[in-house]
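Here's the structure we're looking at; comments come further down.
Each value in this text was obtained by applying a stated rule to the coordinates, not by laboratory testing. These numbers were taken from a predicted model, which means no experiment stands behind them. Note: ideal-geometry Cβ built from the backbone for every residue, glycine included; neighbour counts use all protein chains shown.
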Amino acid sequence: MNNKIQMNEGKKETLYYFVLNIASKAIVYLMLLVFANFFTKEAYGRASFIISIFYIILMFTMLGMPNTMISWIVKRKDTSSVFYFLLLITGITIAAGSIFSYIYNYVWILPLIFALLFLLITNFGLALFRVNHKHHFFQLYYTIVNLSILILAYFFQDGGAAGIVNAYALTYIWLTLPIVFFNRHQIWRIVKRVRIDFEVIRLYFIKGLATSLLVSSIGFLMWVDSSILGLISTFENVAKYSVVSSISNGISIFSASISVFMLTRSAEVEDAMLSKNILNRSTRLAIFFSVSVALVLNSLIFILMKLFFKQYIGTEIFVMILSTGMIFYSITMLQCFYLTGALRQEIALAPIGIAAIINIVLDFILVPYFGLYGICIATAFAHFFAFFWLSSRMNQLREIWLLLLILWMIPLAYYMGIYGMFLIFVAIPILFKLKLIEKEDLNVVKNTFLSIIKR
């Protein structure tokens, strides 16, 4: 009975998260408008390059936080030893970053380097939000993060790349305060036990490193690719890629929301059959909404660019190419969160890791000759590779491989323009026919939504 109550609560909190996620995405697109219209392509590209590298370093410094810590807390493992171990790693990273910035004249990134300490504390608080099924608080944090960056970037527009970086750094620093306040009792219980258990650290390091590799690998759509572009291409191309990848990333809105629910539920549910059923239903819903959003997005992309991103007109086709990969990404993201919650990240390491390597190798081969076409094609192919292998390992491929039969609609919607939106009325019956969505799946979403309205 308690499990059922928690399950329903988790669904409601996930819907709250979904609504906040949409609001957050809207703010992200407002940020893109500010970056695209108030900063030069060179400044925006340089800042995107630095921030992408920062996120990659952050993932390995935090060792899978907050995702790995959720299962760690749920299973009542020693969190104090992990905290002080991560504190040590963070201190070393800050020292190394400070020396690097001084030697190579990148002093303007120092605020972002020192923000690592605040993000460590913040990540523990975010993990506690998820453990307590406060998924909407988790997303509210990121919504406020984006809003704060938007406002600060506007005021720092005269600072160029440094202005954007400072907007990120100051946001991460000041938002640590409310996170600590709302989780102060649980955080204090973790901090007050000053201890280092090497066996605990060894176990967490293995799981955390696996999660970091997963997150950094599935994050190659933006972070790794932007970093590579900054190394072998121009900062203008980095800016263009940052815009088109952020736009195409909107396709994964629903999948990102349901992944939060999956992460916590897979850590709590011990019944293997129930756990697999939750994953399968979540996957079908992710496919349904991802395909629908992709069709609408590509039908309207020319209009969106003319209205909001005039400097980036001519990059619409890159959104279409990345959209195809984002369909696969939406599914692999769900699978990775599911495995992380169950502390079985190792299953996804080979498929995701090798896909990331393929992506990087193709980037270096294709970008010098084909520019943005090369990096977008490489990324889309890598997402397909990860989807195919990981779905096979999780025994899901037999149920969802038919997804490949409807992907032709995405480029068709792009070439049809606004009339491509009518393809939704073709796609939905096909999805039902191929059993990639079921009526009961949509009823679950509808009933959860109605139950919240009636409260």
Between residue 302 and residue 388, the FRET efficiency computed from the C-beta separation at R0 = 22 Å comes out, to the nearest 0.05, as 0.10
The pairs in 276/439; 240/306; 77/276; 25/310; 77/207; 25/433 lying past 23 Å Cα-Cα in this model are 77/276; 25/433
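Order 142-153, 242-253, 194-205, 407-418 from most to least packed using the mean count of other Cβ atoms within 10 Å.
Values: 142-153: 19.1, 242-253: 23.4, 194-205: 14.3, 407-418: 17.0.
Answer by packing, highest mean first, reads 242-253, 142-153, 407-418, 194-205.
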Taking a crude spin-label model, label points 7 Å out from Cα along the C-beta direction, the residue 132 to residue 182 distance in nm is 0.9
Hey, for a label at residue 399 modelled as a point 7 Å past Cα toward Cβ, could you say which residues of segment 281-307 have their backbone N under 17 Å away?
-> 281-290
Protection proxy ranking, peptides 347-356, 372-381, average beta carbon neighbours within 10 Å, highest first | 372-381, 347-356
So if R0 is 41 Å, what FRET efficiency would residue 439 and residue 195 give, r being the distance between their Cβ atoms, rounded to the nearest 0.05?
-> 0.20
Separation of segment 45-80 and segment 163-205 by C-alpha centroid, Å?
-> 11
In what order do 69, 273 fall by count of nearby beta-carbon atoms within 10 Å, going from fewest to most?
-> 273, 69
Overall form of segment 2-435 per C-alpha gyration tensor (a/c, 1.5; a/b vs b/c) | oblate
